[in-house]
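Undergrad: Quick one: the structure is below, questions incoming.
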Amino acid sequence: MIEKKILKIGRLQLLSRAEWCAEPPKEPYETHIPRGIIFHHSAIPGASDYHGWRTVKEIQRLHQQDRGFSDIGYHFLIGPDGIVFEGRPARVLGAHTKSANQGNLGICFIGDYRKQREVLTLSTLRAGLTLCYFLFQWFEIHPSSYRWHRQHNPDTECPGEQVMEWIPRFQEILLSLIGNDTEKELLK
Ligand SMILES: [Zn+2]
């Protein structure tokens, strides 16, 4: 199975906050227990503006200075080159989806993934899928608890049609990997 091969060989290239020179949060974190994932895109900066960790630093600056958040709002960000950046630690409350931050990890695909804007790369998709698989292993976040931003807030186009089309496929692929026994255990 191709999907299995991707995950087997697909290592997660995860850059910690220290590695991208994150600023500290402005206020103490609040904790939460991650149970689901909400997907986003950055829209601005787009994939064409991406310059590795500098772009993640710029997103943190936008969130801390322009939007008045304590820290970068997302828990993970994925670059068009497939590098995954650690945002807020997974066990602290994010700031990515009004009214639905509690219990949800925010994953942001860096780029504008509305129709006919930028194209999701294979590296991005592979990193997203691998990250979801790790999040299942680390926190038992089941694919049935994936949502995207627009499902919680109809006023936003986030995360763009391209990401929206891929999430159900992520769910299918991961369910086939996790297998029925685990699924039954989780549903008990
Ligand atoms: Zn969003």
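Quick note: the coordinates plus some simple rules give every number you see, no bench work behind them. From a predicted model like this one, the values you see are computed outputs, not experimental measurements. So basically every Cβ, Gly included, is an ideal-geometry build from the backbone, and we count neighbours across all protein chains shown.
Undergrad: Within the chain, how many Lys pairs that are eight or more residues apart, or on different chains, come under 23 Å at the alpha-carbon?
TA: Eligible lysine pairs with Cα atoms under 23 Å apart amount to 4.
Undergrad: Counting other beta carbons within 10 Å of each Cβ, put SER70, SER144 in order, fewest first.
TA: The most exposed by this proxy come first: SER144, SER70.
Undergrad: Which helices of the chain meet both criteria: a Cα extent of 15 Å or more along the helical axis and a mean Kyte-Doolittle score no lower than 1.0, with helices taken as whole DSSP H segments?
TA: Passing helices, by number: 122-139.
Undergrad: Who wins for biggest fluctuation among GLY46, GLY79, GLY68 in a Gaussian network model of the chain, springs between alpha carbons below 10 Å?
TA: Fluctuation is largest for GLY68.
Undergrad: Calculate, axis by axis, the spread of Cα positions in the chain along the three principal axes, and write the results as whole Å, longest axis first.
TA: Ordered largest first, the chain gives principal extents of 46, 35, 35 Å.
Undergrad: At a Förster distance of 35 Å, what's the computed FRET efficiency of TYR29 paired with ASP81, Cβ-Cβ distance as r, to 0.05?
TA: 0.75
Undergrad: Further, regarding this structure: Mind sorting PHE69, PHE109, PHE76 by how few other Cβ atoms lie within 10 Å of their own Cβ, fewest first?
TA: The order, fewest Cβ neighbours first, is PHE69, PHE76, PHE109.
Undergrad: Now for a different question. Pick from HIS40, HIS142, HIS32 the residue whose mean-square fluctuation is largest in a GNM of the chain, springs joining Cα atoms under 10 Å.
TA: In the Gaussian network model the winner is HIS32.
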